[in-house]
Every structure is written in C-alpha cells, then in structure tokens.
Amino acid sequence: MVNCRWLSGVKFFSLLLFFSVFLPFQALAEESKPSDVRIIIDISGSMKQTDPQNLRVPALNLLVELLPDGSQAGVWTFGRYVNMLVPLSAVDQGWRDQAKNKAQTINSVGLQTNLTEALEKAQWQMGADSGFDHSVILLTDGKLDMTEQGAPADINRREKQRLLTQVLPGYIAAGAKVHTLALSDAADEKMLQQISLETGGLFLKANSADDLLKLFLKAFDRAVPVEQVPMTNNQFDIDDSVQEFTALIFRKSDSQPTTLISPDGARIDENSSRKNDLVRWHKDLNFDLITVKQPQAGQWAAEADIDPDNRVQILTDLKLRVTGLPNNIFAGYPINLEMALTEKDSVLNEKTILALTDLSIKVTAPDGRTGSKLLSDPEVLPDDGIFRESLTRLSQRGEYQIEVLAEGRTFKRKQTLTAMLSEPLSVSVTPDYDQQVLSIAVTPEVENIDTTLSRIIARITSPDESSVIQSMEYSTENNQWLLSLSADKGPGDYGVLLNIRGVTDNGSTFKSKPENIAATFPLVKPGMAIEPEPALKAGESSASGEMEPSADAKPATESETNPEAVAEPSVEPAAEPEPVAEPAVQPEPESEPQSEPEPAVAPDLAAKFEEQQESTDDEAPVEEEGIAWWVYLLLALGNLAVFGGVGYWWFIKRKANSADNDVAKGADEARLPPDLETPEFDESELDGDFDAFSDDSEEEIASPSPGATAGPGGDEGLGLDDDFAIDPDDGDGAADESWGEFDDPFEDDEKKQSDS
C-alpha cells in the first residue's frame, strides 16, 4: 500500500507542477489582468471636523504599501480644484516612496467639493482595452458643492447631472468599479450609493475617522485580489510556495513594539529590519506593515496586540480564487459562489490533491451572526476542481463578510470579501383600519432609477390558498409603485411577495425579493380587541357566508362540537323531535330552558328532516341513522355534474389556448405580458432572469385586478426566512420557488405540445 504521507512538504508541490494541465474553467482559469487603482481623497475644509487627526494619511500609506508590484496606481485630491497628487504609474518601490512623501501634504483647506471634476480627471487613460482591471476608491465627507459668488443658482444640480450622464458612463464603458467611502453623516450617501450601484462598486460608511483604515482595507480587497493565509492568535503558517509575505499588524498607541518570530526562533523588529535586505518595515500611527521576501517555511508568530483585522498577504503561484460575489447584493436572490485552487492560472482538478484539502466558508451578517459550512468531501469531489455554493435568504441590510478558507496538508489559503446588501427601492406598508385596506408602496431610494423600465410584480395569496400575480402600477405623482390590498376573499391571512427588477438610467440592472408582507383581515389596531360579529337571525348570512342558527339556540353542546352528533338525531320512541319553527310564517319563540338538548341540525336541512320523520312508518325498522341515503345520492350526482361540466369547460378552453399559442408561437410581441410590450425591452436579454412558474394553476395578469385569482395550492414556501443561512445539501432548491413578470407565459404550453 502506498503511503500518502509522501505528498507532504516539497514533494506536494512537485505533484502540483506534474499536474499542470487540467480542465480549464473560463471564469477562474483565465489569466487575470493587473490591477489599476485610482485613489481620490477629499481635502475640503469640512475635513477639519470629520478627520481632525488627518487619518487620511496613514490610510493612504496602508494602500500604498499593500499595492503589489506590477499594478498601476495614482492619487488625486480635490476641494475646489483637483490635483493629481501622485502620477498614475506602475507600482514599485520608487512609486511607493514618492506616494508616502506626497501623502504628508494632505490637508483640509479646500473651499468647495468638486466631486464631478475629480471623477472626471481620474478617468484619464482608462478604457476597456487598456489591459488593466480598473478600480477607484473615493473618500468624501460631504456633498457635491460648487456654490460660489457669481456661479449660477443651479450649479450643484447641473454638476450632479453632468456626473451622472457624462462622467459615470465612461467608467461603466471601461468596466471600472467605483468604491465610495462616506465619512460622517454629512456625506451625500444617496449619491455615493448611486455611483457605486451604477458602476458595480462597493459603498461603505465610516462613522468616525477611526474607521478609515479598515474601510480602505475592505475596499482594497475588492479592488485588488491578493492571496492571504489565515492568522490565528497572531500565528500563521508559511509554505514552500510562498515567495513573499506582508504582515499587517494593528497597534494601540500604548502597546509594545511589534516583533516577528520566524520558525527557527529568530526575532525580527523594526531596528533589525534595517540591516536585512529581505525585510521592509513600515511603521505608521497605529499599524506596522512588514514585508519579508524568501521567507522560511513553517509557523511564524507576531508579538503584538491581537486584533481581528491583523492579516498576512502573500505572493505565491498557488492561489485560492473566489468568484461570483458582487459588491452589491439584494434581498432574496442567491449568491452563486465558485471556488478553486489555481496554479499559475490553471485550475487544480487532480482528486488526489483535492481529497487532502478542506475547503470551508464562513458568512458574517451585519448584526454579527455567523454561519459556517465545510464544502469539501473526499468522497464527492468536483470533476473540474471547482467547488460551488449558493448563499440564499440574505435579507438584512448592511455589510456581509464572506470568508473562504482552503487548508491542505502543507498549505493554507484564505480570501475575505465584503459585500453590501442595499435596497435601491424601499418598501413601505400602511394600514387603513377604517377602510380596511393595506397600502403597499415601493419608493426609489436613489435618483437614477428608470421608472419606465423598472418593473415590480406582486404575488398575492388569500385565505383560500389561491394566488394571483399582478404588476404594480407606477404613480408619477407620488413617485411610487402602489398596491392596495383588501379582504376580497373574506377574512383571514393574506400574503404579498414582491419581485423587483430595477433598471438605472445608465442601463444597470438589479433584482430583489423583499421579505414577505403578511396581513390578517379584518385589520385591527394594535392593542384593540376584536369585537364579535352581531348575532344574526335564523336564515341570515354572516360576512363569511355561513348561515346562523335561530335566536333560541342554546349554548354549544356536544352535538354542536361533534360532527356525528349533528347528523344523528335521537330515535328513542318516547322522545319526540322538537319542531323547528318556520321563520317566514311564525314569530320567533321565546328562549326557554329545555330539559332535553335540541339536536343541532343545520337550518337548511331541518325541513327535509322533519318531512322524513313524518313520512316514515313508525313500526318500520330504521335502516340507517342520520340523513337518508337518497340525500347523499343526490348530492353526489350534483357534485359529479358540476365537476364534469367544469372539466369539460377547462378542456375546451385549454384546447383553444393551445391553438392560439401555435399561431403566436413565432411572434415575439406575444411572448411578454401586455404591460411589458415596450420597445425598450429585448426579450432575449431577459432569458434566465427568472424561472418558469412552478404551478400551472397560477397565471400572470398584466394589470392589477384583485378579483382575478388562480387555483388553490402551489404557493408553499413563499415567505423568505428572516435569517440568512448557508443552505445544506438537501436538494436542488426546487422548493424555493422563483417567479417573475419576465417569465414566458407560453413556455409550459409549448413544452407540452412539443412532447406530444
């Protein structure tokens, strides 16, 4: 038997090189472009209050030191005027030294906030064919402000419009992501969110300048994909494939100096690093950044404050690639992650290697809750070497952190990425207790929503388990999509699940499924008791359509709660059935105490039951207790006739619809609901946006029509869980229904016709 331990150490990586040709995967295995990072920093006068310690300087130094050789970067500052602080150039040690020197000149003397021109000038030499992966990290604490003496009164509005319509399209065309960082509540958060949404960037907010370093770090991780190894209790493992590592150690002002301890016990500090050509040490206000070239393999340790943001980034050919996580995520839509180990941009799919590697994922929600899952299984390994996982039910607004960890016998790799769950369209629910109406409104949170192309549909479920799908109508006057929900199906529980497909003015799209809206009718104000319905006379109907017993009915007895007792009157010879009064002829009898309980017979069967008793021979034996057999027979025949008629009608209509579909099968305009038949929509672009309806009884209607319903059933699992979850491997996810107005309503019919 071959001993598997020979895979450890250097021989493990020889094996990696031996398997240099593997099944390629386009999204992961393609050669990555070098990073181009433009950093734009606000130096307006308000920064004196929001950043009194000028922490922008160490934050910039942090990014400068972390940028890898071979990337490209530049720095701009802006107030009233825009200045290229550090020219756009290739990153090397000379560029880093120049950038750190220039960072010392950052101040807060700007008189205005010329954000539009800053983004315009930072777009220099940017293009889709530049050979770089472009990103921008923008920091500001205020609003676009160009107001000055002699300027037009609407100068700010005009500059903002120019930003959205002329500057941002250039970033979108170049595929550049603009990551926006808001410092303080004074920043124009909606506009910054709008910029990041349009370009696919990340929006983050710092409550104080103390958060700047870590915000810059999160934006850097999305702008520049770098490899990391996990650090636990300030200890980390370096394997033979690592050519260089950079350790970031955060320090408190009163903490001891940082010291690195190598696997052989050698101690490296700031002083000794000056004599070591393989060590570069940058000490700043509250962190140390130590780069070690050709590091010794084994376990390293740092004598310093333990901080969860301490990290080690490495330079290596063996990488952990994670794709599929957008910067902006939206409620209710899954995140489909793909993770793989790569060697020189080739995916490792050799099962001997993968079987010795544990791959896990950890998700941290905005409120701090975490969920973890082991993705790898030595018995079930992906043939192409790519591990796939879907994160669903993410619904909490705020910042999510996704950490992927790969642990082999002799190596560890880690990726930590941040994503922001935001809702460009907010949902509000307002009950009207007097009118018994629930008003649902969807309002744009940012200004760049194209209300003519954006669509919102609602699936409404009723107490009878029927459902209807309809488009919400947009009100130009209110700048909202509106829906009124009332108890059209009688009292009980109703549910509304919204499906949003938003389109921005520049053509960016997003999809969202907010949490299920639940309501119980009649609507009752909190703290108020539900008043019982007034008693009705015999023969009258209640709101639910049920007949009420006569006024002389007694309190509930066993005969009222036991169905068998209701259908079985007494047959004792000495007990005569009490006559039932005819309300239309005789006055109501006064309620009197009775010694014998009255049989609780439904009023509409009372007369028939009395006739049956009078016409039956007293001496004849009773063949069956309860209602006569012929009553059941009549009811059965009646039901059979009704269902048969309905079935025949459905068959004829289905046949007619099939014929119509054959005629319209080739017509593009017939494949979308009427309210979506607009020239702006190209149906081919919508393929795959939503799955087909999972229940034939549901139908899509083009405009709100509360009376139109679909058949019962088929609506299980509509609600979205409040919590996020890393889903277990318990199926193909079919139970989590997906639906939407962009489905092809004729798809099911065409499929059935082709099968036949």
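What to note about this one:
- Rh (Kirkwood; distinct C-alpha pairs) - the stretch 32-105, Å: 12.8
- Whole-number D in µm²/s for the stretch 425-521 (Stokes-Einstein; Kirkwood sum over Cα pairs; 20 °C, 1.002 mPa s): 152
- Within-11-Å neighbourhood charge of Leu278 [Cβ basis; K, R +1; D, E -1]: +1
- In terms of other Cβ atoms within 10 Å, Ile40, Ile329 run from fewest to most in the order Ile329, Ile40.
- Taking only the C-alpha atoms of the stretch 202-299, Rg followed by Dmax gives 14.9, 43 Å.
- Built amide H within the under 5 Å cut-off of Ala331, gap 5+: Lys513
- Inter-label distance for Gln294 and Ser32, nm, one decimal - labels placed 7 Å from Cα along Cα-to-Cβ: 2.6
- Rounded to the nearest whole Hz, the Karplus-based 3J(HN,Hα) values (6.51 cos²θ - 1.76 cosθ + 1.60, θ = phi - 60°) of the stretch 284-294 follow the sequence 10, 3, 9, 7, 10, 10, 10, 10, 10, 8, 6, with x at glycine and proline.
- Counting all C-alpha pairs of the stretch 227-421, share separated by more than 22 Å (%): 54
- Calculated on the alpha-carbon coordinates, the convex hull of the stretch 26-223 measures out at 113 cubic angstrom per residue.
- Across Lys121/Lys205; Lys218/Lys414; Lys100/Lys283; Lys283/Lys319; Lys214/Lys412; Lys218/Lys373, pairs whose alpha-carbon gap is larger than 18 Å: Lys121/Lys205; Lys283/Lys319; Lys214/Lys412; Lys218/Lys373
Any read-out appearing in this document is the output of simple, stated calculations on the displayed coordinates, not a laboratory observation. The structure displayed is predicted, hence computed values, not measured ones. Positions of Cβ are backbone-derived with ideal geometry, glycine not excepted, and every protein chain shown enters the neighbour counts.
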